Amino acid sequence: MKNLLLVNCLALLVIGCTHDPVVPDSPTLTFEADVKSITLNNCARAGCHDGKEEDPSLLTFADVSGQVKAGDPEGSKLYKVITKLSGEAMPPEGPLSDEQIRTIYIWILQGANEK
């Protein structure tokens, strides 16, 4: 009986949490104005995502956009690694701030625009 109750509660939780993400009413974020400084200062450092090692480069819009699925943050490699959804913890020096993660989330959700 307890197991059945637990399964029902979990099913309600899963069903109740399925929805399309809501794009916040905020100005459209762009790579150049809002995201580039985050990736350059936290990801594309010497020896890490700088285009000189085997890790994917995160120096340019083309590099970063190859790691995102526009409109789908949870389906984007970049978002998964900065939020530990992939099991990896990036950047290794410490997590991005909540505001930086939110900026990347909204940027991807809004379509991952360059300019």
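The values are calculated or read from the model by the stated rules, or taken from the named source; none is laboratory data. Since the model is a prediction, treat every value here as computed from it, not as a measurement. Because the Cβ atoms are built from the backbone with ideal geometry, glycine has one as well, and the counts that use them run over all protein chains shown.
Structure data summary
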{"read-out": "Residue match in the range 90-106 (condition: at pLDDT 95 or above, more than 11 Å from the chain's Cα centre (by Cα) and under 13 Å from Leu29 (Cβ atoms))", "value": "yes"}
{"read-out": "Residue in the range 42-50 that is crowded, with 18+ Cβ neighbours inside 10 Å, in a loop (DSSP other than H, G, I, E, B), touching a residue at least 40 places away in the same chain (Cβ under 8 Å) and under 11 Å from the mean Cα position of the chain (by Cα) present", "value": "no"}
{"read-out": "Members of the range 90-102 that are closer than 16 Å to Leu58 by Cα and assigned to a helix (DSSP H, G or I)", "value": "Gln100, Ile101"}
{"read-out": "Selected residue [surrounded by 17 or more Cβ atoms within 10 Å (Cβ to Cβ) and modelled with pLDDT under 95] from Val22, Val81, Val64", "value": "Val81"}
{"read-out": "Pairs, first over 12 Å from Ile104 (Cβ atoms) in the range 54-73, second part of a loop (DSSP other than H, G, I, E, B) and hydroxyl-bearing (Ser, Thr, Tyr), C-beta under 6 Å, six or more apart", "value": "Asp63/Ser57; Lys69/Ser76"}
